[in-house]
Amino acid sequence: MQTIISIDLETRGQNPATCAIASIGVVIITPNRDKNPKWFEAKWDISRESALEYGEECPDTMAWWADQSEEAQRQLQGTITIKHALTALSDVIESCVDDLKSMIVVARAPSFDCAILSRHYAAVFGTNAPWKYYQERDHRTYEEAYRSVCAAAGINYPSYKQAYPVAHDALSDARNQALYLLHIQQMAVMATRK
């Protein structure tokens with residue numbers, strides 16, 4: 001069974017080609033046929049100084065952050081280096097995933113989150129991200145497909161944003177993405193059995 005890696009980033013900009021990472025959240029779910037899935041989660045808040053070594057800060061994005069809750073803004077006050085965060089993310093994936101070839105990496109927008117992480121792995125270490133491009137999945141595509149299956153069976157399943165208002169916290173958002181994906185998969189399976 002595939003291991004699901006749900007990733008969310010909070011950033012200091014909006015351009016995936018240049019923005020600095022503020023925070024990385026990851027949830028790793030390994031399905032288990034006999035029991036509840038194995039679950040692991042972690043978060044790394046990166047210091048501004050370290051983040052700006054490998055990316056840029058956008059004034060518009062920082063103004064947007066200034067309007068967010070104090071809790072959300074705490075992600076901008078990280079103390080660890082981007083090198084430490086990326087190393088830890090690689091280590092976590094390697095230690096939690098039994099078969100690296102069978103895992104998938106889910107992000108709300110892989111063209112944003114996964115692209116930014118890939119760029120940072122290349123800039124910091126001169127290596128690729130700890131997954132292959134073909135393992136990346138778009139959470140929105142899953143959402144749309146599963147909701148369509150549910151709708152065809154007469155089940156009105158809420159959208160992700162209805163079910164889990166975005167917290168702008170990398171770990172909370174990665175966790176909510178994973179939970180939503182698991183729940184809507186179960187609903188779609190039940191819908192096909194009707």
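The values are calculated or read from the model by the stated rules, or taken from the named source; none is laboratory data. For clarity, every value in this text was computed on a predicted model and none was experimentally measured. All Cβ positions, even for glycine, are placed from backbone atoms using ideal geometry, and neighbour counts span all protein chains on display. The protein model used for the area step is the full one, side chains on, heavy atoms only, and it has no ligands, DNA or RNA in it. Shrake-Rupley method; radii C 1.70, N 1.55, O 1.52, S 1.80 Å.
Keeping every protein chain in place, order T87, T192 by accessible area at 1.4 Å, biggest value first, i.e. largest first. Don't skip to the answer; put the middle values down first.
Details: T87 55, T192 100 Å².
Ranked from most to least accessible, the order is T192, T87.
Taken along its three principal axes, the alpha carbon spread of the chain comes to 55, 38, 25 Å, from the longest extent down to the shortest. For region 14-40, no residue has its backbone nitrogen under 17 Å from a point 7 Å from the Cα of E94, taken along Cα to Cβ.
Computing the accessible area with a 1.4 Å probe over protein heavy atoms, can you report the carbon and sulfur percentage for region 84-194? Working shown, then result.
Working: 3000 of 5640 Å².
Its accessible area is 53 percent carbon and sulfur atoms.
For K101, the aspartates and glutamates whose Cα falls under 14 Å of its own Cα, not counting residues fewer than eight places away in the same chain, are E136.
Between the Cα long axis of helix 139-152 and the first principal axis of the chain there is an angle of about 20°, rounded to the nearest 10.
State, to one decimal in nm², a quarter of the convex hull surface area for the C-alpha atoms of region 1-50, i.e. the direction-averaged projected area.
Numbers: hull surface 17.1 nm².
Result: a mean projected hull area of 4.3 nm².
Over all Cα atoms in region 41-132, the spread is summed up by Rg and Dmax: 14.4, 42 Å.
Remark on E136: its backbone amide H falls under 5 Å from those of V105, a criterion applied only to residues 5 or more positions apart or on other chains, H modelled at 1.01 Å from N.
Is the shape of region 111-175 rounded, prolate or oblate, going by the alpha carbon gyration tensor and its root eigenvalues a ≥ b ≥ c, with a/c under 1.5 for rounded and a/b larger than b/c for prolate? Before the final figure, lay out each step's value.
Numbers: a/c = 4.61, a/b = 2.02, b/c = 2.28.
Taking the square roots of the gyration eigenvalues as a ≥ b ≥ c, region 111-175 is oblate.
Give the percent of DSSP beta bridges with both residues in the chain that are antiparallel, rounded to the nearest 5. Please report the intermediate quantities before stating the final value.
Values: 16 of 24 bridges.
Roughly 65 percent of the DSSP beta bridges within the chain come out antiparallel.
Think of it as helices only: each DSSP H run of n ≥ 4 in the chain is worth -39500 (n - 2.57), and spread over all residues that comes to -13500 deg cm²/dmol at 222 nm.
Using the Cβ-Cβ distance between Q14 and R48 with R0 = 22 Å, the FRET efficiency computed as 1/(1 + (r/R0)^6) comes to roughly 0.80.
Counting charges near I29 (Lys, Arg +1; Asp, Glu -1) among other residues having Cβ under 11 Å from its Cβ returns a value of +1. Name the residue farthest towards the positive end of the dipole of region 77-122 from the options M103, L86, A122, assuming +1 on Cβ of Lys and Arg, -1 on Cβ of Asp and Glu, about the Cα centre. Looking along the dipole axis, the top candidate is A122.
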